[in-house]
Amino acid sequence: MKFLRLRNKLLLGAFLISMVMASTSMLAVSVVINRQYHNQSSALLGKATTIIKGDLNDRKTMLLNTARQLSDQKNLGSTIWYLGQYARQDTDGDILFGTYKQLVTDIYKIGRAAKLAQIAIYNANDELVAFASFNDNLAGFVDRTRSPMFQVEHLKEGEEFSRGNLQHVENAPGIALKLQGDAAHPASAYAAVGNALAIESRSPIMGESFDSASGNQHARQLGTVVMMQSLDKDFVNYLGRLTDIRINLFTANGYSSGNLPAYRNPDWQGAIRNTPVINTTSVEGEGFLQALIPLYTDHRLVGTIAALTSDATVHRNAQEMTLILLLISAASLLITFPFAWYLANSISRPLTALSRIFQDVASGRQTLEQEFVRAHADRGDELGDLTRSFDNMNNAISQKIEQINEINTTLEDKIEQRTRQLRAANQALTKLAKHDALTGLPNRQLLSDRVTQALVSAKREKSHSALMFIDLDEFKPINDKHGHAIGDLLLIEAAKRIHDCIRESDTVSRLGGDEFIVLLPIVESQQQAAIVADKIRHMLKLPFESPAGPLHISCSIGISMYPEHGLDEDTLLKNADIAMYEAKRSGRNAVMLFKVETDSDENQSRIEF
């Protein structure tokens, strides 16, 4: 009877505990799930905010780069200056229209290729010169012969701007005759055009202009390029596909475009408007979790982007998950009852004994454990089976732990060995990628890095640098006569001699074939560079010992100096190459310094060595 009462107590206790645990778990899990879905939605909005801000920054950067590329075009400044000088005079109309036509055609093609909403060119007085508007396919210029008058034409893709289709109008939609704001510095900002948001980029057009007072040419701003890209429905749809949420755009006056037209004004709920904020709002009775992104220009709120996700989706997902857990709990209770019956009958007698042995194992008291095993291992009931099984399991676990420790030690040794091999291979690959395989000298890539560093340092320190272009004379006949093996030995020895002639801070690189480049990052004068070059020429003139006997070559060396002969790597390398070829033409075995002189009478440049 005592055993029966214990079994009933175990069954009742198991059932009550299961009920309490199921109810508590359901309540806790429902709260956690609801919170988790809410956090996931907040995280989704946070990620969407990062994506949107990154996309806006990319668009601003790309638009500014496009404006800079146009403003940096070689003839744009002179064209703007010409139109500013002669647009109000009785100049030949055909010539003047031809200039306007070329300018309008160029900016129309650029704007069409860059998918812009608008592009405009202003002169130095911030007066509109030419424009193209792609929302209504309108392009033209401003005729200022008497009073400002727009000369416009509706263009389709592939059509050309022509005089016969021009219309004379007093204004063009969205095009300002006078540029407002700062136009002296390249910048991208947000703007509101009517009820639409846009990104506007400005880039000054710099060039040389003639000062009649001094009679000299001066660099100054000749005009401004203004480009505008709309943040319209296409932008909203793109962000929607990118973030998988709803997007609304607002200007300072209200709704602009988006996936939720009923949401007309951003709901800030008293939050500070200078930083992104995540809050809740209601649209036509439906709750939404939203992230608001303010768009500022010069500390002025231009517009707002709202990223929204529905609360109904969060609640529906949470309810579905809670219902699933409820069904699982109910099924678990039904399954628990027969198991509880079986376990109550099986565990009631040996429960105390097994509890003791488990406690002994957990506390590490192996002596008590061994005594218990000896006392109960010979029993024929379930307790004896459990005792023997536990003892076997304990021994097996000990053996497995020892095996695992041995395997871990072996794996650690192999991992360490493989790591050393990979590190060595990586170092070899890194060296191979930046060094010439034959001579071991830096290749063109590594040379370019060092030239860039040297020019930056020289510009900062206002010092001089030199670049030498070395070509081995008579190398090809030796290579053809004695074979590539002798030629390779000659190149290796030549590289060593050149390297021995320079300082540790200098660089010698093999450009390819029998051509070498020497970089002197710091030189006091052209004479110092010439001394080093002549030393190299003298060393390469000495005989080369080889299996084929003594070999004789010479070299032709061209030198270009920074900043006298160029401000970048390509210019310096090209001028050194020109000087080297002049050294070859002068009879080889020579050193030539590149020089550029300006003939003021002819206003042309000529090369003198």
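Of the residues making up segment 52-71, those that are of a type in the set (Asp, Glu) and either touching a residue at least 12 places away in the same chain (Cβ under 8 Å) or touching an Asp or Glu at 6+ places or on another chain (Cβ under 6 Å) (or both) number 1.
The single condition among (1) open to solvent by 20 Å² or more (accessible area, probe 1.4 Å); (2) more than 28 Å from residue 462 (Cβ to Cβ); (3) touching a strand residue (DSSP E or B) at 6+ places or on another chain (Cβ under 8 Å); (4) among the hydrophobic types (A, V, I, L, M, F, W, C) that residue 551 does not satisfy is (1). Checked against (1) open to solvent by 50 Å² or more (accessible area, probe 1.4 Å); (2) modelled with pLDDT of 85 or more, residue 431 meets all criteria but (2). Only a single item in (1) hydroxyl-bearing (Ser, Thr, Tyr); (2) outside any helix (DSSP H, G or I); (3) surrounded by 13 or more Cβ atoms within 10 Å (Cβ to Cβ) is not met by residue 448, and it is number (2). Test residue 412 against the criterion of being open to solvent by 60 Å² or more (accessible area, probe 1.4 Å), under 30 Å from residue 528 (Cβ atoms) and not in a strand (DSSP E or B), and give yes or no. Here the answer is no, as residue 412 does not meet what is asked. Here residue 348 meets the list (1) modelled with pLDDT under 75; (2) touching a helix residue (DSSP H, G or I) at 6+ places or on another chain (Cβ under 6 Å); (3) closer than 30 Å to residue 279 by Cβ almost entirely, failing just condition (3).
Any chance segment 208-226 includes a residue that's assigned to a loop (DSSP other than H, G, I, E, B) and under 25 Å from residue 145 (Cα atoms)? There is at least one residue in segment 208-226 that is assigned to a loop (DSSP other than H, G, I, E, B) and under 25 Å from residue 145 (Cα atoms).
Going through (1) within 32 Å of the chain's Cα centre (by Cα); (2) assigned to a loop (DSSP other than H, G, I, E, B); (3) not basic (Lys, Arg) one by one, residue 505 falls short only on (1).
Here residue 204 meets each of (1) at pLDDT 85 or above; (2) surrounded by 19 or more Cβ atoms within 10 Å (Cβ to Cβ); (3) not in a strand (DSSP E or B) with one exception, condition (3). Here 498, 517 are screened, and the one residue that is in contact (Cβ under 8 Å) with a residue 24 or more places away in the chain, touching a Phe, Trp or Tyr at 6+ places or on another chain (Cβ under 8 Å), part of a helix (DSSP H, G or I) and within 20 Å of residue 592 (Cβ to Cβ) is 498.
Here the strands (runs of 3 or more DSSP E) wholly within segment 76-188 that include at least 3 residues being open to solvent by 20 Å² or more (accessible area, probe 1.4 Å) are 167-169.
The values are calculated or read from the model by the stated rules, or taken from the named source; none is laboratory data. The model shown is predicted, which means the values in this text are computed figures rather than measured ones. Ideal geometry is used to build each Cβ from the backbone, glycine not excepted, and the neighbour counts take in all protein chains shown. These area figures cover heavy atoms from the full protein model, side chains too; ligands, DNA and RNA do not enter into them. Shrake-Rupley method; radii C 1.70, N 1.55, O 1.52, S 1.80 Å.
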